[in-house]
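First the structure, in the form of structure tokens, and then the observations on it.
Derivation of every value follows stated rules applied to the coordinates shown; laboratory data play no part. This structure is a prediction, so every number in the text was calculated from the model and none was measured. Cβ atoms come from the backbone with ideal geometry, glycine included; neighbour counts cover every protein chain shown.
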Amino acid sequence: MITAKQSDSTSGSRFGGLRTLYLLALTAAIVLLAITVIAPPSSATSSTSAPPSVVTVTVTATSSSQSTTSQVASPPKVTLNATSEGAGVRIGISATGLAPDQNISATFGGTRLALTGTCTATATGELSGCYFSVPGAPHGTYPVVIDYGTSQQTISFTIPVVSIPESTLLVTTTSIGLSLVTQLVTRKVVNLDAERRMKAEVSAFNKEKREATLAKDKAKLEKLKKRELPMRQEQAKVSTARLKVTAITFVPLLAVYYLMASFLGGFSVVVAHSPLPIPFLVGAEGTMALFWWYMLSSFTFSTILTKLLHTTT
């Protein structure tokens, strides 16, 4: 019995020792885990999370990596407000890119020109308001040389065969003649009486249809609907004659206009002066180019001849 008791006592003491070691190990593990989680971050971690304001960045630029942009001044540019005019017409000179307070001079076909107005560049190198009068010279193309300091620019200038006011009268007479031809062809090709009857019939038909629609007269609207298609077909036949007039006259009129422009010195040649500043039609100096004067003359005299010859319906 004594032996049994001693064995039980030894076994209990051994079990108690193991439990004590287990509890100590568990306690140590819990304390280590708590220290790992709760402990503040290390100095290496705090340095990476520092605010950007305390970080100093140094940028070093070398001459090899720098890109330089040089601004080159644009060369001077001189323009004339017209390059084809008759003798005595005043031509304006404009320029940009000149030296500040630079004076200019000019020659026409080798002859020195008398310049008027403001012929000295501003502090920004711009020039405007400088003029010369086209000298009395035969028809042809002449070099206009503008000198500014040590450089110069040459612009070709043409004196037309016919100048103002002869060119104005020539274009006006041509527009009258072409308008008259158009009206005579219209009287020959278009049945003006049939056109007038058709116009009156269409007007009466539209009036009846409008009244029937307002009155909601379905029976009358059905009758008018049956009349509408034949009437529209007849109207189209009459209108086709107007297209024939355009087909007959278009090419000849275009050819005459082209020959006139070639004779006068080009499509943009100035042929008239206007005392009224009409937008788009009249230039800054009161000049009118061939195209605009021809169109204005054609419209005016075509309207007058239409009334006189009763070619409108």
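Observations on the structure shown:
- Scanning residues 5 or more positions from Y142 or on other chains, those with amide H under 5 Å from its amide H are F157, T158, I159, with H placed 1.01 Å from N in the peptide plane.
- Listed residues A236, L253, A204: farthest to the positive end of the dipole of region 166-309 (Cβ charges): A204
- Reported to the nearest whole Å, the Cα centre-to-centre distance from region 86-148 to region 247-313 is 30.
- Checking the cross-link pairs K209/K237; K199/K220; K199/K223; K188/K237; K188/K226; K199/K226 against a 26 Å limit on the alpha carbon distance flags K188/K226 as lying beyond it.
- Remark: region 220-313 projects, on average over all directions, an area of 10.0 nm² (convex hull of Cα atoms).
- Vicinal HN-Hα couplings computed from phi for region 145-152 (Karplus, 6.51 cos²θ - 1.76 cosθ + 1.60; Hz; Gly/Pro x): 9, 9, 9, 9, x, 8, 10, 7
- Dipole size of region 166-309 about its Cα centre, with +1 on Lys/Arg Cβ and -1 on Asp/Glu Cβ: approximately 1180 debye, rounded to the nearest 20.
- Length gained on full extension, K226 to S74, computed as 0.36 nm times the residue gap minus the Cα-Cα distance: 47.3 nm.
- Amide proton proximity set for Q102, modelled H, under 5 Å, gap of 5+: A121
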